[in-house]
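Colleague: After the structure tokens below, expect a handful of questions from me.
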Amino acid sequence: MGAILELLNAFTNFTTVLASFGMILATSSFISGLQMVKGKGRIERKIHRGNGFIAFGIFAVLAISSFVTYGLSLWSVAGWLSGALVITVKLLIVHSRNRRAFKYVSWLGATLISMWLYLVYIHIPL
Amino acid sequence: MAKAFWTTALVLAASVLWPTQPRAAIIHVPEDYKSIQQAIDAAAPDDEVIVNAGVYRENILIEKAVALKASAGPSSTLVQAADESKPSIKVNKAVNARITGFSATGSLAAGVLLSGASNITLADCRFTDNASGIVMHGTTNSTLRNNVSNSNAQYGLYMEKSHGNRVEQNTASLNRDKGFFISNSNGNRIINNSVNLNSWDGIMVYASTGNTITGNKTLRNTYGIVISESNGNEVSENTTIPNLFLILPIALIYLGVVSYLLQKNLLKAIYKE
């Protein structure tokens, strides 16, 4: 019971709630993206784009709140820029419509999910 | 008339001859003395040294019962070790000294070292980026309250051959070895501390007896509380759940899958694909 209360207590923190919401959206976007690779239709595309863009917005808000709260440091800037770079590369590959590059998209999607896992983990308050 | 005279004379004589307690002086840094050490050297036992906000590059040594207080608190009053090989603050064989509201950093020995001291109060201080945050050696009956000892190279608190101390409501996180290391120390009370995210143990008790470890939070360390070669310690009501928080991301992935299925069915109903 104490452990469950401890876990629920994590959601009293705004950035944890935001990061958790981002994680849910990123997962939905990732699954719909995999379905798109399989050749499924426009519903998957809508889910993928909608969830992906909102997740990216949340990523930007989290980055800004991190800089406001903890200031700019080399490691934090490098970390957030790396995340932004993965998102940008993924968007560029998708928009290039290059078939050879396309096979790496699912790897980038998995990297984005890992990134969100880390974001959630570090935002859990103690 | 004579009675009134003798009464007045007696009162006057008593007021002159009665041994009165000398009042403790208050010394201000940097108004009265430029460095904290100069102020401590000039202070008599039981005097209070009040330090204004600023960065003080020195190694402070306290060997008497003074109260050292940072008026602006630890976020504005920093003691940076001038000689890295020595502690930023050292309390050596003093009794009844008090240190409150300081930050101490940059020592390859310790943020604060309590050596052979007793009845020391260390409160509301912050020790970061030292070899160890707080080191107690041969120190007894002292109180550590509401201090933060984070991001040190070894331990947040290292206690060696120190007995009967009270360590309560302190935070020791992100240290690169252990949060608290209690070694060869008996009869200490470790109560309501937060010891999280340390690279190795949260709280390690080694070769020690009769300690009370209760109400502490040791989250996301490699090991929560480790008792080794010790007996007769009371360990109760601590929260030691190193991997509980892995459940949260997994639950979120599950919610993500559910969210995808919900959206898919909703959009299917809308677009009638």
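The values are calculated or read from the model by the stated rules, or taken from the named source; none is laboratory data. Since the model is a prediction, treat every value here as computed from it, not as a measurement. Cβ sites come from the backbone with ideal geometry, for glycine too, and all protein chains shown count toward neighbours. These accessible areas exclude ligands, DNA and RNA; they are computed on the full protein's heavy atoms, side chains included. Shrake-Rupley method; radii C 1.70, N 1.55, O 1.52, S 1.80 Å.
Residue by residue, here is whether (1) more than 22 Å from B:Y271 (Cβ to Cβ); (2) modelled with pLDDT under 85 holds:
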| position | (1), (2) |
| --- | --- |
| A:T16 | yes, yes |
| A:R45 | no, no |
| A:A60 | yes, no |
| A:G83 | yes, no |
| A:I87 | yes, no |
| A:Y104 | yes, yes |
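Colleague: Moving on. For the stretch B:175-193, indicate whether the set of residues that are touching a Leu at 6+ places or on another chain (Cβ under 8 Å), aromatic (F, W, Y) and either open to solvent by 20 Å² or more (accessible area, probe 1.4 Å) or more than 9 Å from chain A (Cβ to nearest Cβ) (or both) is non-empty.
Modeller: Yes: one or more hits.
Colleague: When you scan the stretch A:93-102, do you find a residue that is open to solvent by 70 Å² or more (accessible area, probe 1.4 Å), outside any helix (DSSP H, G or I) and within 30 Å of B:N198 (Cα to Cα), even just one?
Modeller: No, the stretch A:93-102 contains no residue that is open to solvent by 70 Å² or more (accessible area, probe 1.4 Å), outside any helix (DSSP H, G or I) and within 30 Å of B:N198 (Cα to Cα).
Colleague: Also: Hey, could you check the stretch A:78-113 for residues that are β-branched (V, I, T) and touching a helix residue (DSSP H, G or I) at 6+ places or on another chain (Cβ under 8 Å) and say which is nearest to the other protein chains (Cβ to nearest Cβ)?
Modeller: Among residues in the stretch A:78-113 that are β-branched (V, I, T) and touching a helix residue (DSSP H, G or I) at 6+ places or on another chain (Cβ under 8 Å), the one nearest to the other protein chains (Cβ to nearest Cβ) is A:I113.
Colleague: Here's another thing I want to ask about it. Can we say A:W116 is open to solvent by less than 30 Å² (accessible area, probe 1.4 Å) and either within 14 Å of chain B (Cβ to nearest Cβ) or of a type in the set (K, R) (or both)?
Modeller: yes
Colleague: Step by step: first the residues of the stretch A:13-33, then only those that are more than 10 Å from chain B (Cβ to nearest Cβ) and of a type in the set (A, V, I, L, M, F, W, C), then the one that is farthest from A:L91 (Cα to Cα). Which residue is that?
Modeller: Of everything passing the filter in the stretch A:13-33, A:F14 is farthest from A:L91 (Cα to Cα).
Colleague: Being open to solvent by less than 60 Å² (accessible area, probe 1.4 Å) and touching a residue at least 60 places away in the same chain (Cβ under 8 Å), is that true of even one residue in the stretch A:40-59?
Modeller: yes
Colleague: For the condition open to solvent by 40 Å² or more (accessible area, probe 1.4 Å) and within 14 Å of the chain's Cα centre (by Cα), what is the one hit in A:S73, A:S28, A:S82? It would help to see each step written out before you state the result.
Modeller: On the way: A:S73 fails: within 14 Å of the chain's Cα centre (by Cα); A:S28 fails: open to solvent by 40 Å² or more (accessible area, probe 1.4 Å).
Of A:S73, A:S28, A:S82, the one residue that is open to solvent by 40 Å² or more (accessible area, probe 1.4 Å) and within 14 Å of the chain's Cα centre (by Cα) is A:S82.
Colleague: Follow-up question, since we're still on this one. Cβ-Cβ distance below 6 Å, separation of 6 or more or different chains: which pairs start in the stretch B:140-151 with a residue that is at negative phi and touching a residue at least 24 places away in the same chain (Cβ under 8 Å) and end on one that is of a type in the set (G, A, S) and part of a strand (DSSP E or B)?
Modeller: B:T140/B:S118; B:R145/B:A123
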